[in-house]
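In what follows, a single structure is set out as structure tokens and then discussed.
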Amino acid sequence: MHDRQSWENRLNNQQFCSWSVINGERYFAKDGGKLPVINPATCSVLAEVTACQEADIDEAVHSARRTFDSGIWSEQPLQVRKAALLRLSQLILEHKEELALLESASMGKPVMDALNGDIPGAAHVIAWYAESIDKIYGEVAPTPPGSLATITREPIGVVAAIVPWNFPLDIAAWKVGPALAAGNSVILKPSENSPFTAIRLAELALEAGLPPGVLNVVTGTGIEAGAALGKHHDIDVVTFTGSTSVGKAFMAYSGESNLKQVWLECGGKSANIIFANCRNLDEAAEKAAFGICFNQGEVCSANSRLLVERSVYPAFIEALLSKLHAWQPMHPLDSQARMGAMVSSAHKEKVLGFIATALEQGGELLTGGTACEIEVSGNYISPTVIKISDENAALWREEVFGPVLAVKVFDEEPEAIQSANNHIYALAASVWTDDLNQAHRVSRKLNAGTVSVNTVDALDVTVPFGGNRQSGFGRDLSLHAFDKFTRLKTTWLALR
Ligand code: NAD
């Protein structure tokens, strides 16, 4: 049963983990510090979770390093690593209700989205990487006669994965899956807003047979636990997903410490271009509504800049506003909810601030613009569309991370491309057209890690995901993710 009452019952009986997991054991910060995790839909504290500091991060790194050097995971036959990771994937599915509830209660997304999307998605990604590891071959280089040079991939060592709160388990799986499959030891740092599924992931990994110390989870603030990871001298790789400003900090931490590799998946402000050649405007409107409202708009690749060709603008906006009715926020445990609560009241205020500034800067409010109260919480924002004409407006330039869509009209194809590309972010873009030539022409010219044609935000474990410019570099997902978690070894044999 997945109705509201059964989720409420589950929530009342749920034990929330308040510890980190280091070397296979529950770990509490040496100084006893804790951080409250608040349910944005009830405004109540779910748990006080231990807050790791530099000395605690040291423990985690020592554990990961010791484990890596011991070879207990890094040098296991691939079949052993594969079997353990497949078991982990299975355990995630067996705990899907619990994990879905933990996601929803901590960051406000509809629990049914977590149940049907995030949790099976994370399990699938772990299984996909488990299945991949014995299908990757090395190379033999065309070296001169009298020599043989092999190029092989080896695990790098200790990987720190720092992840955000918007898809806590999914994004953790995107990093932990390939990093572990490749044989590394990992320290995962979840966001302070949403630590529970990461902690449970570490516990399930132990149950699945991963040796203690292979997957450690450290909880705590970014400025303390996160920075200590970034500056640590014995971490080899940082894989980060989060804001661009914190991504830049990780580059600096690396320069200040041991030149660890840093891979960044940062912010976005993705353009969605509707050409008059698009025959199915209704579908485009449906997807545009999804593209800004799914996960409360708290999506790095949210289609938050809409460009509509003038001749279809009135019809398209009418269809869009009508589709948005279905996205009015609801309590996240309501099985009908498509949009839940914003992650925190501070974030809700930030989003409202963006709306206010947009209107002050001449934006025209087409719908929404307000927060709403549901039961005891005011952490909800109705779908908002604001028409702007000036590309210097803050709403066009800055990532809002909420259900707030900036709309602009264009007249010619080159103008749409120029508007889409004239941005510091280049994570994703969408193009709607039934002209095949236009689809190819425009896709090639758009600066984005992923261009979706006649859909939005296309994503699958089989294709790389990541951005250009200040959206970051490096790619999650697909076999290309192994590039981040393996290094190339040349072995040259002089043949006698
Ligand atoms: P954030 O940058 O505030 O935090 C991300 C992680 O970094 C958290 O674990 C946090 O504790 C840690 N952190 C924060 N400050 C730190 C510091 N000074 N030093 C070290 N670590 C620190 O991001 P958020 O608010 O959790 O998530 C929202 C952001 O994430 C948005 O900008 C969004 O675009 C981005 N995001 C990007 C992608 C992508 O794939 N490109 C996916 C999801 C989210």
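The values are calculated or read from the model by the stated rules, or taken from the named source; none is laboratory data. Quick caveat, the model's predicted, so the values are computed rather than measured. Note that each Cβ is placed from the backbone with ideal geometry, even for glycine, and that neighbours are counted across all protein chains shown.
Just one of (1) more than 19 Å from Ala288 (Cα to Cα); (2) without any contact (Cβ under 8 Å) to a residue 40 or more places away in the chain fails for His347. It is (2). Restricting attention to region 54-76, the residues that are in a loop (DSSP other than H, G, I, E, B) and crowded, with 18+ Cβ neighbours inside 10 Å total 2. Residue-level analysis places Trp165 outside the set of residues that are over 21 Å from Ser344 (Cα atoms), in the same structural domain as Leu85 (by TED's automatic domain parsing) and near the ligand (Cβ under 10 Å from one of its atoms). The set of residues in region 235-271 being more than 9 Å from the ligand (Cβ to nearest atom) and among the small types (Gly, Ala, Ser) consists of Ala252, Ser254, Gly255, Ser257, Ser270, Ala271.
Between Glu256, Glu207, the distinction of being touching a residue at least 60 places away in the same chain (Cβ under 8 Å) and touching a helix residue (DSSP H, G or I) at 6+ places or on another chain (Cβ under 9 Å) belongs to Glu207 only.
If you go through region 309-336 and keep only what is more than 19 Å from Ser430 (Cβ to Cβ) and touching a helix residue (DSSP H, G or I) at 6+ places or on another chain (Cβ under 7 Å), you end up with Pro332, Leu333, Asp334, Ser335. Can you list residue pairs whose Cβ atoms sit under 7 Å apart, with the first residue in region 105-132 being at positive phi and the second being of a type in the set (S, T, N, Q) and buried (at least 21 other Cβ atoms within 10 Å of the Cβ)? Count only pairs 6 or more apart in sequence or on different chains. Going by the 7 Å Cβ cut-off, the qualifying pairs are Gly108/Gln296; Gly108/Asn379.
For Ala429, the test of being under 13 Å from Gly268 (Cα atoms) and assigned to a helix (DSSP H, G or I) is failed.
Taking region 254-280 as the range and being in contact with a strand residue (DSSP E or B) (Cβ under 8 Å, 6 or more places away or on another chain) and not in a loop (DSSP other than H, G, I, E, B) as the test, the residues that pass are Ser254, Gln261, Val262, Trp263, Leu264, Glu265, Ala271, Asn272, Ile273, Ile274. For region 156-191, a tally of residues being touching a Phe, Trp or Tyr at 6+ places or on another chain (Cβ under 7 Å) and closer than 17 Å to His480 by Cβ returns 8. Of everything in region 295-352, what is more than 16 Å from the ligand (Cβ to nearest atom), β-branched (Val, Ile, Thr) and over 18 Å from Leu365 (Cα atoms)? Give them in sequence order. The answer is Val312, and nothing else.
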